[in-house]
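For reference, the structure is listed below as structure tokens.
The values are calculated or read from the model by the stated rules, or taken from the named source; none is laboratory data. Note that this is a predicted model, so its numbers are computed, not measured. For neighbour counting, all protein chains shown are included, and Cβ atoms are generated from backbone atoms with ideal geometry for every residue, glycine included. In case anyone asks, the SASA skips ligands and DNA or RNA and just uses the protein heavy atoms, side chains included. Shrake-Rupley method; radii C 1.70, N 1.55, O 1.52, S 1.80 Å.
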Amino acid sequence: MRYVVLTTIAFIVSAAIVLTACKHQPYVLPVSMRTGDSSICFERDILPIFISNCAKSGCHDGSGESDYVLNSYDNIVRRGIVPGNPEASKIYTSMTGSGEDLMPRDSPPLSAAQLGLIKEWIYSGAVNGTNCSSTCDTTNFTYSGAIKPMFDNYCAGCHNSSSAASTGGGYILDTYDGVKTVALNGKLIGGLTGSGYTMMPQGGAPLSDCQLTQVKKWVAAGALNN
Ligand code: HEC
């Protein structure tokens, strides 16, 4: 009995290998199977990473030379994403490769956590999750627990130490010292609420009320490195 099972498994595996090897078109997940990963919601988890790291001025916001505009679901998925198949998705592989084509150009690579999220999102069908439930908690407003993870996803692509001069007005928000400076001189809340400042995150949706409350509470408590 066990022999029969093993032979059957071996046959299925080799058939799969032969079939994959013959394929010329990348495997695309059928629409009916694009059910998504329930823990990942496009607007909440994926879009901010693209806005901050790719849709920067002169890069993929439509103003640069590239015809890849990566600022909305339709634009991101239209080209370079193959639902179900991260390895065939040019946008994903461009961020995981090496050499001068590694994206984002002239900026730090995405973190393993960010790449993992994008990979899982593509793998489970690259669905357009909107009206995402909030995972935000206004009682959590430490730098390490709330502010840094938020700014890493929403701001650091433009405001990182290596490219901020050209992509973030010179404001560095991927270090505690950089964030503390704008927190204490009023520019941080100003930028996030827009009054008298350029509205941040530039090119993206405003932060949610809960996220804004976290930032305000952290600033009011002295912008500590906690
Ligand atoms: C797509 C790129 C981009 C993203 C994303 C982005 N910024 Fe900016 N930010 C800029 C640029 C460019 C400037 C300079 C704008 C100016 O001088 O008008 C700027 C300026 C600022 C300023 C100074 C405000 C002023 O008017 O002087 C603050 C504070 C700021 N950003 C905070 C943030 C925060 C916090 C986030 C994330 C929640 C964020 N930014 C996301 C590009 C970006």
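Taken over region 161-176, the residue count meeting the criterion of being near the ligand (Cβ under 8 Å from one of its atoms), under 19 Å from Ile189 (Cβ atoms) and among the hydroxyl-bearing types (Ser, Thr, Tyr) is 1. Which residue is modelled with the highest pLDDT, if the candidates are limited to region 69-90 and must be open to solvent by 50 Å² or more (accessible area, probe 1.4 Å) and in a loop (DSSP other than H, G, I, E, B)? Ranking the qualifying residues of region 69-90, first place goes to Asn71. Against the list (1) more than 15 Å from Leu212 (Cα to Cα); (2) in contact with a Cys (Cβ under 8 Å, 6 or more places away or on another chain); (3) of a type outside the set (D, E, K, R), the condition Ala156 fails is (2).
Would you mind stating whether Gly190 is assigned to a helix (DSSP H, G or I) and touching a His at 6+ places or on another chain (Cβ under 9 Å)? Considered against the rule, which asks whether it is assigned to a helix (DSSP H, G or I) and touching a His at 6+ places or on another chain (Cβ under 9 Å), Gly190 comes out as no.
Rundown of residues vs (1) under 21 Å from Cys59 (Cβ atoms); (2) in a loop (DSSP other than H, G, I, E, B); (3) open to solvent by 50 Å² or more (accessible area, probe 1.4 Å); (4) touching a strand residue (DSSP E or B) at 6+ places or on another chain (Cβ under 7 Å), yes/no style:
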{"residue": "Lys148", "(1), (2), (3), (4)": "no, no, yes, no"}
{"residue": "His159", "(1), (2), (3), (4)": "yes, yes, no, no"}
{"residue": "Thr181", "(1), (2), (3), (4)": "no, no, yes, no"}
{"residue": "Thr198", "(1), (2), (3), (4)": "yes, yes, yes, no"}
{"residue": "Leu207", "(1), (2), (3), (4)": "no, yes, no, no"}
{"residue": "Cys210", "(1), (2), (3), (4)": "no, no, no, no"}
{"residue": "Leu224", "(1), (2), (3), (4)": "no, yes, yes, no"}
